[in-house]
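A short worksheet on the structure shown next.
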Amino acid sequence: MGGKSKGSDKVKANPKEVLTGVYYIDGDVASGFGALAAGCRFIGGYPITPSTEAAEAFAKVAPKAGAVFIQMEDELGSMAAVVGAAWSGVKSMTITSGPGYSLMQENIGFGAMLETPFVLLNIQRGGPSTGVPTKTGQADMMQSRWGAHGDYEVIAISPDSPQEMFDYTIKAFNLAEKYRCPVMIMSDECVGHMTEKVVIPPADEIEIEPRRLYTGPPDQYVPFKPDEDLVPKMARAGDGYNLYISGLVHDERGYPVEPSAFKAQYVRRLVDKIRRNKDKIIELKEEGTDDADVIVVSYGISSRVAVKGIEIARERGIKVGNLRLVTVWPFPDEKIAALATKAKAFVVPEINYGQIAFEVARCSHGHANVVLVPHGGAGVHIPDDIADAIEYAFKAEGKIERVIEFKTRLERTVFEEGYTLKE
Amino acid sequence: MKADPKGVLTGSHTLLGNHACAEGALAAGCRFLGIYPIVPALEVSQRYLERAPALDATFIQMEDEVSVLAAVLGASWTGKRAMTVTSGPGMSLMMEHLGLGVMLETPCVIVDVQMTGPGLGIPTRPAQGDIMQSRWGSHGDYEVIAFAPSSPQEMFDYTVKAFNMAERYRTPVAVMADEYVAHLEETVTIPPADQIVIEPRRYYNGPPGKYLPFKRDKDMVPPMVDIGQGYRFHVTGLTHDDRGYPIMFEECQEYNVHPLVRKIRDYADTIVEVQEARTEDAAIIVVSYGSTTRAALKAVEQARASGVKVGSLKLVTVWPFPEKRVAELAKQAKAFVVPEMNFGQIVNEVERCSYGEANVFFVPHGDKGVENTDDILAAINRAAHESAVKDGVIEGV
Amino acid sequence: MKLWRKPFDADTIKIPRGEIHIIKDRCKGCSFCVEYCPKDVLEMSEEFNAKGYHPPFVARPDDCLECHLCEMLCPEFALFVTLREDVTVGKEEK
Amino acid sequence: MATAKTAKAEEVKKTTGLEEIHPMEDLLRMDRMPHIWCPSCGIGLAVTAFTAALEKAGLDPNMVSIVSGIGCTGRVAGYVKLDSFHTTHGRPIAFATGIKVGNPKLKVVVFSGDGDLIAIGGNHFIHAARRNIDMLVICVNNFIYAMTGGQVAPTTPLTAFATTSPYGCVEPPFNIPYIADSSGAVYVARWTALHIRRLTKSITEALQKTGFSVVEVISPCAMYYGRTNRLGDGLDLMRFYHDNVEIRHGEDTKNLDIGFQTKIVCGTFVNRDRPSYMERYNEWAAKAKGATK
């Protein structure tokens, strides 16, 4: 691996894995290249529209860097293989979309329970169920937080361009290694299939978080004894530590806990290690939120569409702020709570019928109204809908104790009398 | 319509929670149980199998939880009331077919006997860590109905309610039990069959050639038909129109998926069910569900005895969440105390729906698990002394 | 139909003649029917159907023996054969 | 079979006056034609054989339900006018098990692709065979994942190219008849889309069996398998079948591997009887009912 960089314990990317250059590629392919640049050595995946191009891109370039792509028999197998690969010491990732994501939930929870660093790229599509495979959606956001059973926390970041698909895949691997938890790249079909310029810098300009390996004497190794940031050091199969890794609730030695000897702390640390480090993980892009009357909160592709909506609303003379959630989970509770006391209302455009909008409402504690601009999927918002929602939020009087579902043009046309679906 | 007497074991019995759940299913007319064995949900199938032959009820153990819910959905379309029982890990494996059940709008019941999670967790220890999963576990937009029983009697009653809701709204319904309630043995009184109201399946009775599997009635619920009646209908997990044919445009996604959400969200008032105790003059309200309610009610009594004005709001339906009632109570009360056997799930909903009108104290999953009356009591007392309303959830312990 | 000698039961045997119906707009031009017709009755045409494919046309209608192989080998359900009339071998010779 | 059909076409033409009535139209959802499969794809032929066999087997279409999963063949359910279910990827056999056990009087057919049945759905395939659930599984094997754009499948022959095996497939493929036979299927046959009459006869036989029957249909996929491996168009693939298929009925299923562009052995390999799942289940239920009376 590359030399150590000053300050953080990050190292430089390995030149063999970085395809330095300027490309004109789609988001999926950019993410495949990003994975390689991040030092990912294993991708276990299963073809599913609209994410397969990422796996294909990685499969093509993987041999150059001694990495492996394996197409498992299904998504369950893929997720299990990824957790296994991580414990063999390599950085590993899987790539999927809606239905595959649901199939992976058991092994995501299993991975979270073992505090396994891995990255999951979800190119969201119209749902639920088979839904609209070839078109976009953002309705897996709450699933990324709550999809598996039991208590655990994840990190979720949402790119909105092929360049960010490359950059955020590296960011995702770094976060996964740093906090030993699942990191979800919640992209979508628009960003995945959008072709734009992508600049891949030289290897020495890319910082990689190496795996936090235990290097002390083998007999004193306690696999789940955390460092002060609540994240334990990891070991690898084959390093002679005779690891005992179990999905059962385990104590610091990794040994399963008898039901009567259960300590909440064994499981609680899985959530605390993210909540305590929230400020170091959360990344937002703010613009014009200081004196704004209405603040648009958005993420992923919707944040790009929202820019146009905000522009139109500002032309109508409304002071509009723009808060883009680069990291959706952990959710920026404090930031929303602070902005709620200053602004009149939040407007949340997202391609679903209300998910992050409920989180914004939770954190605004009634200090600001919340207007959701919904969209069923298989398409993106119309900027004018966002602008009208901002205007509606600006004019709405008094405290409205519910998330207001703004009626979009699409909803009005589809549900007016006499509308018939065309083939 | 009334329950089929053959399935109803009228009388009062001492039943294990899981056994009561099986009796509830049989009383509700369930004649198809598909399972994959998982601790702590095994006893439901043992009880069902004892009663099945006399009722010509069908049972199948499939090769995994993914296939079991698929089989349940298939059986439901043959006109049978179908159910599966599982626990955490199995629930996670069923998320894809929960989505298929939502999209095909297929009535069925999923009983989740929650264990301490995540991962393989502790199968023989209760928790309530799957609550948010039951709402958000599958991909895409949809709404669910979920009940949370606190006793073997409620394991019986809520399973009957679940089947009725599933048929009424043509949707999968979850019963979010847990290992404690499931393995508790208490008296369960089963009323005579003619006192058990059963929601009949809403069948299509128009001309055979004209049946459209997704043509919605006024309440957005489409009537059903059974396989083998000559309708030769088609249903698909793809976004579809009334005929069930896939049309994958924005308009059809709105036309198909928005009603999936609204047919439950718009009727939340009629679906939501809560049990309130002493909330009329309560300054502090303990919001609880499932087995935690047992400890919560004890804590409320003890606090009342020591002069604290506290009431209890028990969620019979966890989903849809009683948003309006919580918002109303937030104005009347000073604080909510939310004990849960997890690290913060329903407490988020209480925080959202109180809209800053009341403090929210959280009593997380502790070492003592279900018997945490004194933790709840401590939180109540802390809430009593807190005068100012602060934003955000305050850890009660 | 040319025969090298006249069979004894020539005037009793009836050989079917088929009529081939082609639903042009459903054809996707895979030419299976042309390839596997035992009597080479069909050929690909130059005309275009609604989707821009070249459907087949019946080049030698009289050779069709109504064996239905073209109908069965059409993946698009775009072609079927009906019985035109039964021709007894004997009569045709005269 | 052909003459009965032409009579119907005649009579339909007289009654409706419509010129172009394809004799299979009462078993197809004509309002959805033309279908989505690529030119020269073999799935249409499998459907043709199935609908013809359905008539020959003399089954009441109202009592037949068809289930398919995800993938090109997954769309078959949408085109066949029966109670039809388009379910999730890999789970049609599980869904169909629910239907069969839910209402044993129904005839259940699972019509899906090699990826759907043997990759993601492999586990359910072997279990349904083991249980001998009474259902017909028609597995259209085009050696590739076509719907998602030409990825490698567990049936892709060694060294063949696919987008996720850019340097040639490194995994030896499954031998589907061998899996079905060893797991307990009562009827196992393999034909190519070219052998349309024998395929129809084989599906008819399978429809009349009680128990888990499997008919594998080797089908040309010019768009992905043919193009990626430079094997020409659909017609070239069909010509390959014509010159390289050996019909060996009763052959031991162990010897039915398919290499890259090697001989393909077709025929009916297994035709036996075993008590079906419902027969054993009803025996148990009767005993149990007697005991608990």
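In a shell of Cβ-Cβ distance under 15 Å around B:Glu167, excluding B:Glu167 itself, what net charge do Lys and Arg (+1) and Asp and Glu (-1) give?
So the environment of B:Glu167 carries a net charge of +4.
Among A:Thr49, A:Thr215, A:Thr116, determine the one that fluctuates most according to a GNM of chain A built with springs between C-alpha atoms less than 10 Å apart.
Looking only at A:Thr49, A:Thr215, A:Thr116, the largest GNM fluctuation is found for A:Thr215.
Counting Lys +1, Arg +1, Asp -1, Glu -1, what net charge surrounds A:Leu120 among other residues with beta carbon under 12 Å of its beta carbon?
Taking every other residue near A:Leu120 into account, the sum is -2.
Report, as an integer, the average count of C-beta atoms from other chains found within 10 Å of each Cβ along B:50-59.
Averaged over the peptide's residues, the number is 4.
With n ≥ 4 as the cut-off for DSSP H runs, can you work out [θ] at 222 nm for chain A, using -39500 (n - 2.57) per run divided by the number of residues, rounded to the nearest 500?
-10000 deg cm²/dmol
Can you compute the label reach from A:Arg253? Point 7 Å from Cα along the Cβ direction, backbone N cut-off under 17 Å, restricted to segment A:210-236.
Of the residues in segment A:210-236, A:218-226 have backbone N under 17 Å from the label point off A:Arg253.
Pick from A:Gly27, A:Gly247, A:Gly45 the residue whose mean-square fluctuation is largest in a GNM of chain A, springs joining Cα atoms under 10 Å.
A:Gly247
What is the packing order of peptides A:90-101, C:68-79, D:72-83, A:64-75, taking the mean over residues of other C-beta atoms within 10 Å and listing the highest first?
Going from most to least packed, we get A:90-101, D:72-83, C:68-79, A:64-75.
With n ≥ 4 as the cut-off for DSSP H runs, can you work out [θ] at 222 nm for chain B, using -39500 (n - 2.57) per run divided by the number of residues, rounded to the nearest 500?
-11000 deg cm²/dmol
With a sphere of radius 12 Å drawn around the Cβ of A:Lys285, what net charge do the other residues whose Cβ falls strictly inside it have (Lys, Arg +1; Asp, Glu -1)?
-2
Would you work out if chain D is rounded, prolate or oblate? Take a ≥ b ≥ c from the square roots of the eigenvalues of the alpha-carbon gyration tensor; rounded if a/c is under 1.5, else prolate when a/b is larger than b/c, oblate otherwise.
Oblate.
Inside 10 Å of the C-beta atoms of A:251-261, what's the mean count of C-beta atoms belonging to other chains?
2
Counting DSSP beta bridges with both partners in the protein assembly as shown, what percentage is antiparallel, nearest 5?
Of all bridge pairs located within the protein assembly as shown, approximately 30 percent are antiparallel.
Exposure proxy check: C:Thr82, B:Thr124, D:Thr262 ranked by fewest other beta carbons within 10 Å?
Fewest to most other Cβ atoms nearby, the residues stand as D:Thr262, B:Thr124, C:Thr82.
Using a simple charge model, +1 on the beta-carbon of Lys and Arg, -1 on the beta-carbon of Asp and Glu, nothing else, what dipole does the protein assembly as shown show about its Cα centre, in debye to the nearest 20?
The calculation lands at about 1340 debye.
Going by the alpha-carbon gyration tensor, a ≥ b ≥ c the square roots of its eigenvalues, is segment A:11-207 rounded (a/c under 1.5) or, if a/c is not under 1.5, prolate (a/b greater than b/c) versus oblate?
Verdict is oblate for segment A:11-207.
Kindly provide the pair-distance distribution of the protein assembly as shown built from C-alpha pairs, with 20 Å bins from 0 and whole-percent values in order of increasing distance.
Pair shares across the bins are 11, 39, 35, 12, 2, 0.
So which chymotrypsin sites (Phe, Trp or Tyr not before Pro) in segment D:121-167 end up in coil per DSSP with only 15 or fewer other C-beta atoms within 10 Å?
Qualifying residues, ordered by number: D:Tyr167.
Please find the FRET efficiency linking B:Ser387 to A:Lys395, where r is the Cβ-Cβ separation and R0 is fixed at 25 Å, and quote it to the nearest 0.05.
0.10
Beta carbons within 10 angstrom, averaged per residue: use that to sort the peptides D:135-141, B:164-170, highest first.
Most protected by this proxy first, the peptides run D:135-141, B:164-170.
Check each of the trypsin sites (Lys or Arg not before Pro) in segment A:348-423 and keep only those in coil by DSSP with at most 16 other C-beta atoms within 10 angstrom; list them in order.
When the trypsin sites (Lys or Arg not before Pro) of segment A:348-423 are filtered for loop state and at most 16 Cβ neighbours within 10 Å, A:Lys399, A:Arg402, A:Lys407, A:Lys422 remain.
Where a ≥ b ≥ c are the square roots of the eigenvalues of the C-alpha gyration tensor, would you call chain B rounded, which needs a/c under 1.5, or, failing that, prolate if a/b is larger than b/c, or oblate?
Prolate shape, in that a/c is at least 1.5 and a/b is the bigger ratio.
Of the DSSP beta bridges with both residues in segment D:135-285, give the percent that are antiparallel, rounding to the nearest 5.
25 percent
Share of antiparallel DSSP beta bridges in chain A, in percent to the nearest 5?
Restricted to chain A, the bridges split so that about 35 percent are antiparallel.
Sort C:Ser31, C:Ser45 so that the residue with the fewest other Cβ atoms within 10 Å of its own Cβ comes first and the one with the most comes last.
C:Ser45, C:Ser31
If packing is taken as the mean number of other Cβ atoms within 10 Å per residue, what is the order of B:127-140, A:251-264, B:251-264, highest first?
The most tightly packed comes first, giving B:127-140, B:251-264, A:251-264.
With springs only between Cα atoms under 10 Å apart, run a GNM on chain D and tell me which of D:Ile36, D:Ile126, D:Ile176 wobbles the most.
Highest fluctuation of the listed residues: D:Ile36.
Mind sorting D:Trp284, A:Trp87, B:Trp77 by how few other Cβ atoms lie within 10 Å of their own Cβ, fewest first?
Ordered by Cβ neighbours within 10 Å, fewest first: D:Trp284, A:Trp87, B:Trp77.
Hey, got the average number of other protein chain Cβ atoms within 10 angstrom for residues in A:412-418?
Average neighbour count from other chains, rounded to a whole number: 2.
How about chain C: what cysteines have no other cysteine beta carbon under 4.7 Å from their own?
For chain C, the answer is C:Cys27, C:Cys30, C:Cys37, C:Cys64, C:Cys67, C:Cys74, because their Cβ atoms have no other cysteine Cβ under 4.7 Å.
Distance in nm between label sites at A:Thr420 and A:Thr134, each 7 Å beyond Cα in the beta-carbon direction?
Roughly 2.4 nm, to one decimal.
Quick note: the coordinates plus some simple rules give every number you see, no bench work behind them. Because the structure is a prediction, the values reported are computed rather than measured. All Cβ positions, glycine included, derive from the backbone under ideal geometry; neighbour counts span all protein chains shown.
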